[in-house]
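Have a look at the structure below before the remarks.
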Amino acid sequence: MGMPPPVEETTIVKKLLVYGLLVVLAVLVAGLYGVVHNRISRSQSPEYLTRFKFRQLGSVDMPPPG
């Protein structure tokens with residue numbers, strides 16, 4: 001059995017660049033999804049962000065609802 005062919009540096013660099021671009025794209029898509037989700041949730045229930053999300057994320061000290 002012979003040795004496998006050597007991996008060229010340019011191939012590794014290209015793979016790393018593609019991986020980096022995919023990570024950046026995934027972060028942007030996830031952020032866009034979050035914005036759209038919150039907009040839809042807010043349109044369905046105006047109290048969604050103020051009475052639920054802020055408390056869930058610990059952003060504001062608020063008394064429990066009701």
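The values are calculated or read from the model by the stated rules, or taken from the named source; none is laboratory data. Since the model is a prediction, treat every value here as computed from it, not as a measurement. Neighbour counts run over all protein chains shown; Cβ positions are idealised from the backbone, glycine included. Just the protein is used for accessible areas: all its heavy atoms, side chains included, with ligands, DNA and RNA removed. Shrake-Rupley method; radii C 1.70, N 1.55, O 1.52, S 1.80 Å.
Observations
- The criterion of being touching a Lys or Arg at 6+ places or on another chain (Cβ under 9 Å) and of a type in the set (A, V, I, L, M) holds for Leu49.
- Single residue of the stretch 1-58 satisfying the filter (open to solvent by 100 Å² or more (accessible area, probe 1.4 Å) and not in a helix (DSSP H, G or I)) that is modelled with the lowest pLDDT: Met1
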